[in-house]
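Every number here is computed from the coordinates shown, using simple stated rules; none is lab data. These numbers come from a predicted model, not from an experiment. Cβ atoms come from the backbone with ideal geometry, glycine included; neighbour counts cover every protein chain shown.
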Amino acid sequence: MPFARLGRYEVKGWLGGGRFGDVYLAFDPLTQREVAVKVVRFQGDATPYLEEVRNLARLDHPAIVRFYTVDLLEGRLLIITEVVKGESLREVLNRGRMSRERALEVAGQLLDALNHAHERGVVHRDIKPENVMITPEGKVKVLDFGLSRLAQGDLSMSMGGTPAYMAPENWKGIFTPASDQWSAAVVILEMLTGLNPFAGDTLEEVRNKTQQGVKEGRLTSLLPQDLVQPLLRALAPEPEERFPSCKTFLEELVKGEGEKVALVVRPLEKPEGLPPLTREQRQAVEDLSPRILVTGGPGTGKTTVLLARALHLLRKGEAPESIALLTFSFRSWKEMEARLEQTLGEKYRGIWLGNFHQIAFRVVSRFGHLLDLPREFSLALPAQQERIAQEAAVRAGGEKASREILKAFSQARIWGTPWEEVASKATGRWREMLESFEYHYLQLIRDRGVLGYEDVLYYALRLLEMEEVATFYRERLNHILVDDVQDLDRCQIALVEALSQGGNLFLVGDDDQAIYQWRGAHPSYIRGLKNRGFTHHRLNQTFRLPPEFREMAISLISKNRERMPKLYWTSREEGRARLIVQPLKTPKDEAEYVADMVEILRIKEGYSYSDFAILYRVKTRGRLIEQVLKKRKLPFTQEGGRTFLDREEVRVLLDLLAFLARGKSATIQKRLLKGASPLLGGRDRAVQELERTLGALEPQMKPSQALELGMETLNRLMSRAESSLLVTRMEAMETLLKKAKEFEESARSPTVANFLKYIRFLRDAGLAGGEEGIRLLSVHGAKGLEFPVVFVVGMVEGEFPLARALGVPQEMEEERRLCYTAVTRATEVLFITYYRYSSSQARFQETPSIFIKEMLGVG
């Protein structure tokens, strides 16, 4: 063995050697995985070629060996790739020619890989059977992309076979995608016939045969007749006479093979602006059935399928105004909006896009007068709605029970239950009070021009029960597409059913991630759709989860009885993910351990703070970890935590807008100047100049205009004593200005007052955006997110699962779905931690969560 170590790589064995150098099996202690290290034989300085080799990182195709990195070590060029097990195509061909079906399988994957590389400006230059590996599963892996560019010396170095696969123009030093096509055609010809028409004993003989080309005769008689012409065209002496691309060559080659070959050779299709679609995703997107359900596990691309469906409908000629795309959460809505805008630009504007509250808001805004609701209304924040309900309860004579009444009222709204039905089940004085409560509540919301969140959904549903309203929307909306259908409550489900009656309905979801049953979600709805005439498509490939996490997650969730059976496989490599189950003595020790591991991984493995997420089930655990992170001065953000809107300079600018929106209110001016004083170093002259800026504001100004004026003044006046903070302060103010400009582009009435309402809505919905750092989240708050490193803490009986769920099958299944959601947020490293004692004084040991055993397959 020439090396015990190559740089940081620990050499475990020699894999082989060849034209370009030796290949070693090695272990990378940084990424904790096995790699292949190719030590390239190189004459001269390799530095100029480093960037060229790094360009190989652009290649991301299942049939191309994955490139990790490149390095120089004592003048040697090291190329680090994935380890590929199997045998070369040369070894396969040494046993004889291949069947038509198998040859076309390999050809399809080879040509698809080459087309992928050519689209990204990379030419292989040395396609031959030795550079095509066949894995034990029968998949193709193409090796050594672009390495012939690095080879020095004459062609005699490569008499082991390369000249017999070189296109005529290669002999003149010209390498193009058409050259790769020619070489691939020779390989395909050899797979089908067992012969290479250009093989010869000398270099000159090989060259002459290449220049003469292939003619119809004895060799072509060994080929299936329908493949002769495609192969002859790909082997045309002049590059311009060949197929325009390897893609068109492949299409012509497998024409007439039908689905049998397409299943293997055409697994991907890429709608512009979206990730490539797998075959099963594409089938769901293009299905013509009127009622479709798409299910899949974490990271299987359910939302991508939903967006691709919308694009597919638009490309078929459907009007944007005829498509409604509904999401469960505000965050999902905004993410989807950004992806649609990136893909379609202004074309997406006509689509009915929003979460359920936004769509319901549109219905109630247009037709609310039919229920005697205010024509102009705003959404009440939960605290405001509670005050209105409390006042209604007082008027109804139920002051002491106002919280209970509001809870029952909200529950009725979520379930879509008419309040009179709830009241009718009560008796005596309580019944009279409930009936009176609704009357007073409605009177108050009309007088104040507000509706609660549940009110909007409830009244939209009541309106859609009216024939006039239902007809209006059904005539306009031909396609209803819904994301996260497993999280919908009864009212939202009824809204979907009402809008889609007689039209097309496309639903995506995963009942294993239904984690909102506690607030009315109805996951049994998705499970019942298969009995209602829905065409069911299953997405079985996860792009997020490594095999280790996939196995663990399936082992856990399979313990639930009330679920749709599903299996999914992963395209990620095995052996790269890490699962650490760590017991600690107390919750305090647990929190300190988490902080320690964050710092260790950040320093040793190069993770950034934003790569980490700490997920907890109960708030007390989150608060304890928060205390430790603060003590360590580690940057973090949390649900409901500090956002850019909470920064001093941003609060001053928001007060500036409020000052303008409220007719230059003296009260707000006083608050603004007081808040700005610390930013201005307490200097009276600076405060007076800011006051003059306030006087220059004009009522007709747009939000961005007012902000730019305020920002210019603050930037000029802010205390230089805090110079280290000035850049951060300006970035926060620029973020607010950017949001104002985005609002002005999309809002119907982009006034300062409406922008302030929009900002309040962002804050209330938790979408203002936190500062960079470790994410400290409840498991519910982590839904839909993913992180390289995840800690799931407090995994003891009574905390996760909660004590109230123990022994209650339905609640235990919800807790298990929560745990499943938590552990499937991780993409690289997953820590499961628990404590043995609840405190340093505790005498009795805690029981580790049953979910740990279930994940490890021992429960």
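Observations on the structure shown:
- Taking region 815-850 and a reference point 7 angstrom along Cα→Cβ of Asn560, the backbone N atoms nearer than 15 Å belong to 815-825.
- Extension gain, Glu475 to Lys674: 0.36 nm times the residue separation minus the Cα-Cα distance gives 66.1 nm.
- Length added when fully stretched, Lys619-Val581, from 0.36 nm per residue minus Cα-Cα: 11.5 nm
- Point-to-point label distance, Glu82-Met466, nm (Cα→Cβ direction, 7 Å offset): 5.8
- Proximal aspartates and glutamates to Lys631, defined as alpha-carbon separation beneath 12 angstrom and excluding residues fewer than eight positions away on the same chain: Glu592
- Net charge of neighbours whose Cβ lies under 13 Å from the Cβ of Thr620, counting Lys and Arg as +1 and Asp and Glu as -1: +2
- Stretch gain in nm, segment Gln390-Val11, where the contour uses 0.36 nm per residue and the Cα spacing is subtracted: 129.2 nm
- Calculated FRET efficiency, Glu286 to Tyr837, Cβ-Cβ distance, R0 = 60 Å: about 0.55 to the nearest 0.05.
- Dipole magnitude for region 378-448: about 140 debye, using +1 per Lys or Arg Cβ and -1 per Asp or Glu Cβ, origin at the Cα centre.
- Summing +1 for each Lys or Arg and -1 for each Asp or Glu among the other residues whose beta-carbon sits under 14 angstrom from that of Tyr439 gives -4.
- Rounded FRET efficiency, nearest 0.05, which uses the C-beta distance separating Glu811 from Gln700 and R0 of 60 Å: 0.60
- Relative packing of peptides 814-826, 585-597 - highest average C-beta neighbours within 10 Å first: 814-826, 585-597
- Aspartates and glutamates with Cα under 19 Å of Lys588, excluding same-chain neighbours fewer than 8 positions away: Asp596, Glu599, Glu626, Glu797, Glu799, Glu846
- Mean shadow area of region 595-699, taken as a quarter of the surface of its Cα convex hull (nm²): 10.0
- Bridgeable lysines around Lys604 (alpha carbons under 20 Å apart, same-chain partners fewer than 8 residues away excluded): Lys633.
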